[in-house]
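To keep things clear, I will list the structure first and then write my remarks on it.
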Amino acid sequence: MNGPDGKVSLIVHGGAGALDPGDPDGAAHVAGCQAAARAGHAVLKAGGSAADAVVAAVTVLEDDPLFNAGTGAALTEDGAVECDASVMTGQGAAGAVGAVRDVKNPVRLARLVMERTAHVLLVGAGAEAFAARQGVRRLEAGALVTDRMRAKWQAAKIKATTPAGGGTVGCVARDAQGHVAAATSTGGILMKLSGRVGDSALIGAGTYADDRAGAASCTGLGEAFMKALGAKVAVEAMLAGAPPDAAARQALAAVRRAGGDGGIICADAAGRVGFAFNTPGMSRAAISTAGVETSGV
Ligand code: ASP
């Protein structure tokens, strides 16, 4: 951790993968990432914490039907949306939810797990009951299913394709006090079995933060990120002195050895941001400590 020096930065991703024919183009994904980055940055500029910022940015992406998280999430084999999300602060607080249905903003529920329970991860019916006790409104069954995702599900059923990801969202940030945080949210992979929980719900696999080093959020084949502990490997690399880009590349190499591809965004304790991906694309947007915006797909 570099201490309270007023420097803020963040980077968001809108998922690693390839766009399907008929999907909105890359520019639309970049615009969505930019809107999320600006929302998170506004929180940081107003003195908000890195945790506030990553949750704000990921909430914007969950509400954008273009991305596979919250509204517009990918469907399970039986045609339902089951979301995973997690958040971690560099001070060591963490919360997550897995396979939750009909909750508009899973990342906010993950934050409630972090702040209001003694646990790190709640799943399925238990997570939904916790949401109800916290006053989180339950949507009507199927409310998060978009026409575009239903069409993909129908096409996948006809073609009997294997499960595929894409469009997961995440954000890592560094706040003015020198703290970092990471958050990730996803509908998982299209045609996954009901009850499957991926890396995006798992601290160390899809999300990790440590004020001594930095924060990381992952996207890609969750099973490989789980076996390689992709986010933890990226943060460990920053702890050992690697800049964020190199740390992301090192972690991706470990993920590939575990049999998967994807992308990782990182912010280090000094506020430098970086990323790497080994898929055809990964939409993203960043705002540096100098206030410079960059983006790509
Ligand atoms: N990592 C996500 C999962 O396996 C999918 C993705 O990032 O595309 O659930």
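Numbers below:
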item	result
Sorted largest first, extent of the range 139-288 alpha carbons per principal axis (Å)	49, 35, 26
Kirkwood hydrodynamic radius over Cα pairs of the range 180-223, then Stokes diffusion coefficient at 25 °C and 0.890 mPa s, in µm²/s	221 µm²/s
Cα-based Rg of the range 116-217 normalised by 2.2 N^0.38 Å, two decimals	1.31
Net dipole in debye of the chain [+1 Lys, Arg Cβ; -1 Asp, Glu Cβ; about Cα centre; nearest 20]	200 debye
In sequence order, calculated HN-Hα J values of the range 263-273 (Karplus, 6.51, -1.76, 1.60; Hz; x Gly/Pro)	x, 9, 10, 9, 10, 9, 5, 7, x, 6, 10
Dimensions in Å of the range 1-108 - Rg and Dmax from alpha carbons	15.2, 50
Proportion of all alpha-carbon pairs of the chain beyond 34 Å (%)	10 percent
Distant alpha-carbon pairs in the range 247-297 (separation over 12 angstrom), percent	65 percent
Nonlocal amide H pairs with residue 9, under 5 Å, H built at 1.01 Å	174
Separation of the residue 42 and residue 115 label points, Cα + 7 Å toward Cβ, nm	1.9 nm
Residue-wise HN-Hα coupling along the range 40-46, computed from phi with Karplus coefficients 6.51, -1.76, 1.60 (Hz; x: Gly, Pro)	x, 5, 4, 5, 5, 5, 7
Dipole-positive endmost among 124, 255, 3 within the chain (Cβ charges, Cα centre)	124
Using alpha-carbon coordinates, inclination of helix 147-159 to the longest axis of the chain, degrees	60 degrees
Cleavage-rule hits (GluC sites (Glu not before Pro)) in the range 36-98: DSSP loop, at most 16 neighbouring Cβ within 10 angstrom	77
FRET efficiency, residue 290 to residue 256 (Cβ-Cβ, R0 30 Å, nearest 0.05)	0.35
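Each value in this text was obtained by applying a stated rule to the coordinates, not by laboratory testing. Computed from a predicted model, the values in this text were never measured in an experiment. Every residue, glycine among them, receives a Cβ derived from its backbone with ideal geometry; neighbour counts consider all protein chains shown.
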